[in-house]
Each structure stands twice: as structure tokens, then as C-alpha cells.
Amino acid sequence: MTSIAVIVGSTREGSFNLMLGDLAAASLAAQGAALTRVDLATFDLPLYSAALEANDFPPDAQRLKDIFAAQDGLLFVSPEYNGSLPPLLKNAIDWASRPTGGEGLVALTAYRGKAAAIMSASISPFGGLRGLMHLRQILSTIQMLVIPEQVVVPNAHAAFAEDGSLKEALPASLVEMTTGRLVAVARALSG
């Protein structure tokens, strides 16, 4: 079974990106993926610095890296902060990219050769697109294969129904298409 982790770059209660992550997780599960939800609020990750890494690699950074390494694919759902991704998500990505246990400097065992997908919901008319461009670049740099499909939900404050579903057919269909492609690519890469 193809294993996919869903990582949401927001911990705010009522976050539109958490809602989008829930929809994506349900879609992945419906497609038969073994699902892992990663709640970044449950990880004690100090701001990355080489000094901290050299002195004492944080246990939660190792726990996060181990979770990522055990997956066939990763789905990142990220809000947009000032045209980029939030520091919470960038910090988590950075910690999990670091070598541990005698790995070489560019081992990237949590990421290398794995499939990734990206999504965003934003109150802006661009739906978080600018942040996703940065996220795509970062994930490519750490040797992930980021699928071309992506989801942006503009005007997110009006995009979700009371039950958490998306009101418009287009973004809802993009969630299904993107998760389907992620599962297929992750399965192919892990085989």
C-alpha cells in the first residue's frame, strides 16, 4: 500500500489550510493510500541553526524525519505568509533535511526520490499561489519529484461550506486530481 503523509503548515484553529488538508486526506484514504497526518503543533522544533544541530539534534526533529522517511510521498498544504510559505513549515522541512546517524551531508533520506504534492488556501484572490512557487522550489531542491498538479483555493473565507467541503466544483475536482496523481506517482517511484 502506498504511504502518504499530509503536512499542513498551519496550526491555527479554524485554518482554511487545515480544512483543505482534511479534504485531501479523505481523498487520499478513498484512493487506498495509507495515510499519516503530521500535526506540526505536536513537534518541539526550535528554529533551525547549525549550532543546535551540532550540539544536540532535537528528538522531535528526528521523529519528524523518521515519519517523512517512512513515506512513499508527502502532501504539503501551506498557507501563504507575505508571498511565501510560513516559517513553521519551512523550519520543519529544514530539520528533516539534515543528515543524522552518520549520513552524508546530502543524503536527504526523508525526501530524495519521493513524490510530493502541494496545495494552498488563502483569502487572497491568488489562493496562495506565490507561496506554492517557493514551496515547489524548496521541495525540488531537496530532491523531491513535485507533481505538476497543484491546488489553490482563492477567497478561502468564502470557499468552504459549513460541512468543510469546497463550494465550487473546480477546486474540489483539483483536490481529487492532485491526490490521485500523487498516489500514482508515489506508487511508481516506490516500486
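Below, the figures for the structure above:
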read-out	value
Antiparallel DSSP beta bridges within the chain, as percent of all bridges there, nearest 5	10
Per-q log10 I(q)/I(0), the chain, q = 0.17, 0.18 Å⁻¹ (Debye; single scatterer per alpha-carbon; no solvent)	-1.07, -1.20
Rounded to the nearest 20 debye, dipole of region 20-161 from Cβ charges on Lys, Arg, Asp, Glu	300
Simple spin-label estimate for Ala34 and Gln143 in nanometres, 7 Å along Cα-Cβ	2.3
Residue-span extension gain [Glu168 to Thr100] - 0.36 nm each, minus C-alpha spacing	20.0 nm
P(r) tail fraction, region 143-191 - alpha-carbon pairs more than 18 Å apart, %	41
Within the chain, helix-based [θ] at 222 nm, where runs of 4 or more DSSP H residues each add -39,500 (n - 2.57), nearest 500	-13000 deg cm²/dmol
28 Å Cα-Cα reach of Lys90 towards lysines, excluding residues that sit fewer than 8 places from it in its own chain	Lys65, Lys114
By average C-beta atoms within 10 angstrom, highest first, the peptides 178-188, 104-114, 118-128	118-128, 178-188, 104-114
Theoretical FRET efficiency, 1/(1+(r/R0)^6), r = Cβ-Cβ of Asp44 and Phe126, R0 25 Å, to 0.05	0.15
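Quick note: the coordinates plus some simple rules give every number you see, no bench work behind them. Being a predicted model, the structure only gives us computed values, none of them experimental. Cβ: placed from backbone, ideal geometry, glycine included. Neighbour counts: every protein chain shown.
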